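Each remark here refers to the structure printed beneath this line.
The values are calculated or read from the model by the stated rules, or taken from the named source; none is laboratory data. Small disclaimer: the values here were computed from a predicted structure and weren't measured. Positions of Cβ are generated from backbone atoms using ideal geometry, with glycine treated the same way; all protein chains shown enter the neighbour counts.
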Amino acid sequence: MRESDHLLGCTFSVAERLLRPLVTPSTDLGDERAIRGLLASVAVSALIEPGDMDAGLLVEVLGVELAATFLMDDGDGDRLLALLRERSAGAELPTAERLDAALARWRSRREQSNPERVLERAAHLHATLVPPGDPLWPRGLDDLQRGCPLLLWVRGDTRRLTTLDRSIAMVGARAATGYGTHVAMESAAALSDRGFAVVSGGAYGIDAAAHRAAVASGQVTVAFLAGGVDRLYPSGNATLLHRVIETGLVVSELPPGSAPTRWRFLMRNRLIAAAAQATVVIEAGSRSGSLNTAGHAAQLGRPLGAVPGPVTSPASAGCHRLIREYDAVCVTTPDEMAELCEPIGQGADADIDGEVLRSDDVLGALRIRSGRTLRELMAATGLNASSVQSELGRLEALGRVRESGDGWHRLVE
């Protein structure tokens with residue numbers, strides 16, 4: 001048996017049986033190498049913390065399967081450094097001492113980590129595993145480079161991930177004021193009606209207000225968690241998060257069973273910033289965790305907006321600082337928030353590269369009784385296959401179209 005046939009206590013055959021029902025139909029598991037690579041990602045993700053750049057380097061240079069195999073043996077930092085030098089083509093590498101410390105950190109979790117148990121938990125939750133490269137993978141996460149998640153665990157209809165191509169993150173204080181809650185709910189509802197998915201972190205305050213308004217609008221909202229998707233935290237928002245699962249998505253990079261921690265909250269924020277087209281801070285004090293999300297958005301080059309509040313209100317001091325010192329755009333209406341993603345002249349009513357209102361084009365080309373194929377829709381709309389498929393996925397997630405044996409149909413509204 002090869003070392004990689006037994007990943008952290010889980011045999012390949014058992015893991016494969018558990019894994020196959022957890023992936024999306026679009027995930028390619030056509031050969032043993034693909035299965036082994038995904039199992040290795042599950043194994044490694046159980047050992048590392050989110051955003052671990054040393055682990056990202058290992059996976060980038062060695063590949064995830066070899067990285068997982070190395071973590072299972074007793075090789076030291078010197079041996080790992082030599083292996084990295086052999087394969088890295090001159091990239092800047094950490095010292096052997098740093099690698100020794102990282103190996104000790106990762107290997108200390110081997111006894112507590114069990115991919116078989118992780119996969120069983122995911123199956124019990126009806127969760128789905130989405131790896132990088134999958135057609136449903138949120139493309140914005142790739143901008144995190146070595147800090148990119150190895151995979152995502154998702155609860156809800158994974159086809160809704162396509163809505164992140166048109167999304168706005170709304171974050172802010174947990175101890176929100178009535179003003180902040182009102183602005184968050186009104187803005188989230190208006191943006192949802194404009195076809196934006198609302199992205200946030202499931203926390204009390206502004207996060208909850210944004211999710212709640214999107215759910216009430218019947219549109220997609222995505223909550224990124226700081227623990228496993230079985231840990232609907234905070235518990236006081238569990239009912240809300242269950243409603244998010246019904247109409248949107250709950251997502252985590254951490255395996256089911258993982259507890260939320262302060263560090264994981266901070267690292268979760270990078271996913272919110274990367275997945276969304278733009279980030280808006282609704283209300284934030286001078287030490288609000290939402291400023292961390294804003295920092296990630298700025299670092300990634302994403303548009304950043306902040307809602308001003310009363311100059312006498314400490315609850316808005318963080319927003320005012322973002323506007324004053326960090327070039328955040330002052331936004332006061334949903335239209336201004338939408339302009340972060342759609343510059344003036346390129347909004348919902350504008351002609352963008354000759355493709356006017358893609359979703360309306362695709363929806364208008366569909367019939368209720370007779371189906372239309374992808375090729376027919378391409379001919380009818382003038383859009384390429386990727387654009388048509390993306391819009392079909394978004395419209396299907398919103399319950400406006402369905403696919404049957406004779407093609408795609410528009411549903412009666």
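Output the number of residues of segment 360-408 satisfying the condition of being buried (at least 18 other Cβ atoms within 10 Å of the Cβ), at pLDDT below 75 and in contact with a Leu (Cβ under 9 Å, 6 or more places away or on another chain).
2
Out of ARG174, ARG166, I need the residue that is crowded, with 18+ Cβ neighbours inside 10 Å, basic (Lys, Arg) and more than 18 Å from ALA55 (Cα to Cα). Which one? Quick ask: steps written out before the conclusion?
Numbers: ARG174 fails: crowded, with 18+ Cβ neighbours inside 10 Å.
When all the criteria are applied, what remains is ARG166.
Could you tell me which residue of segment 283-317 is surrounded by the fewest Cβ atoms within 10 Å (Cβ to Cβ), considering only residues that are over 25 Å from the mean Cα position of the chain (by Cα) and not polar (S, T, N, Q)? Talk me through it step by step, then tell me what you get.
In the first step, residues of segment 283-317 are kept if they are over 25 Å from the mean Cα position of the chain (by Cα); the result is 285-286, 308-317.
Those left that are additionally not polar (S, T, N, Q): 285, 308-311, 314-315, 317.
Details: GLY285: 20, PRO308: 15, GLY309: 21, PRO310: 11, VAL311: 8, PRO314: 13, ALA315: 21, ALA317: 17.
If we take residues in segment 283-317 being over 25 Å from the mean Cα position of the chain (by Cα) and not polar (S, T, N, Q), then VAL311 is surrounded by the fewest Cβ atoms within 10 Å (Cβ to Cβ).
Under 25 Å from ILE245 (Cβ atoms), over 13 Å from the mean Cα position of the chain (by Cα) and at pLDDT below 95: is that true of GLY133 in this structure? Outline the logic, then answer.
Details: under 25 Å from ILE245 (Cβ atoms): yes; over 13 Å from the mean Cα position of the chain (by Cα): yes; at pLDDT below 95: yes.
Yes: the conditions hold for GLY133.
When you check ALA223 against the structure, is it buried (at least 23 other Cβ atoms within 10 Å of the Cβ), outside any loop (DSSP other than H, G, I, E, B) and of a type in the set (Gly, Ala, Ser), yes or no?
yes
Would you check which residues across segment 195-214 are hydroxyl-bearing (Ser, Thr, Tyr) and part of a loop (DSSP other than H, G, I, E, B) and list them?
Of segment 195-214, the ones hydroxyl-bearing (Ser, Thr, Tyr) are 200, 204.
Matches in segment 195-214: TYR204 only.
Take the residues in segment 288-302 that are touching a residue at least 40 places away in the same chain (Cβ under 8 Å) and part of a helix (DSSP H, G or I), then tell me which one is nearest to HIS182 (Cα to Cα).
SER290
Can you tell which of LEU119, LEU81 is farther than 16 Å from LEU151 by Cα and surrounded by 15 or more Cβ atoms within 10 Å (Cβ to Cβ)?
Numbers: LEU119 fails: farther than 16 Å from LEU151 by Cα.
Unique residue meeting the criteria: LEU81.
Could you tell me which residue of segment 17-32 is modelled with the highest pLDDT, considering only residues that are surrounded by fewer than 17 Cβ atoms within 10 Å (Cβ to Cβ) and assigned to a helix (DSSP H, G or I)? Before you say what the answer is, go through the steps one by one.
At the first step, the residues of segment 17-32 found to be surrounded by fewer than 17 Cβ atoms within 10 Å (Cβ to Cβ) are 17, 20-21, 25-26, 28-32.
Now drop any that are not assigned to a helix (DSSP H, G or I), which leaves 17, 20-21, 32.
Details: ARG17: 84, ARG20: 86, PRO21: 89, GLU32: 76.
Residue satisfying both the conditions and the ranking: PRO21.
Of the residues GLY318, GLY309, GLY305, which single one is assigned to a strand (DSSP E or B), of a type in the set (Gly, Ala, Ser) and modelled with pLDDT of 95 or more?
Working: GLY318 fails: assigned to a strand (DSSP E or B); GLY309 fails: assigned to a strand (DSSP E or B).
When all the criteria are applied, what remains is GLY305.
Cβ-Cβ under 7 Å, sequence separation 6+ or interchain: first residue in segment 169-197 and outside the structural domain of CYS319 (by TED's automatic domain parsing), partner buried (at least 17 other Cβ atoms within 10 Å of the Cβ). Which pairs?
Note: no pairs meet the criteria.
Any residue at all in segment 263-286 that is of a type outside the set (A, V, I, L, M, F, W, C), closer than 18 Å to VAL183 by Cβ and assigned to a helix (DSSP H, G or I)?
Applying the first criterion (of a type outside the set (A, V, I, L, M, F, W, C)) to segment 263-286 yields 264, 268-270, 277, 279, 283, 285-286.
Remaining after also requiring closer than 18 Å to VAL183 by Cβ: 279, 283, 285.
Now restrict to residues that are assigned to a helix (DSSP H, G or I): none.
Looking through segment 263-286, none of the residues is of a type outside the set (A, V, I, L, M, F, W, C), closer than 18 Å to VAL183 by Cβ and assigned to a helix (DSSP H, G or I).
What pairs can you find where one residue is in segment 202-230 and at pLDDT 95 or above, the other is assigned to a helix (DSSP H, G or I) and basic (Lys, Arg), and their Cβ atoms are less than 7 Å apart, with a gap of 6+ or different chains?
As it stands, the answer is VAL215/ARG243; VAL220/ARG160; PHE224/ARG268; LEU225/ARG268; ALA226/ARG264; ALA226/ARG268; GLY227/ARG264; ASP230/ARG121, since those pairs meet every condition given.
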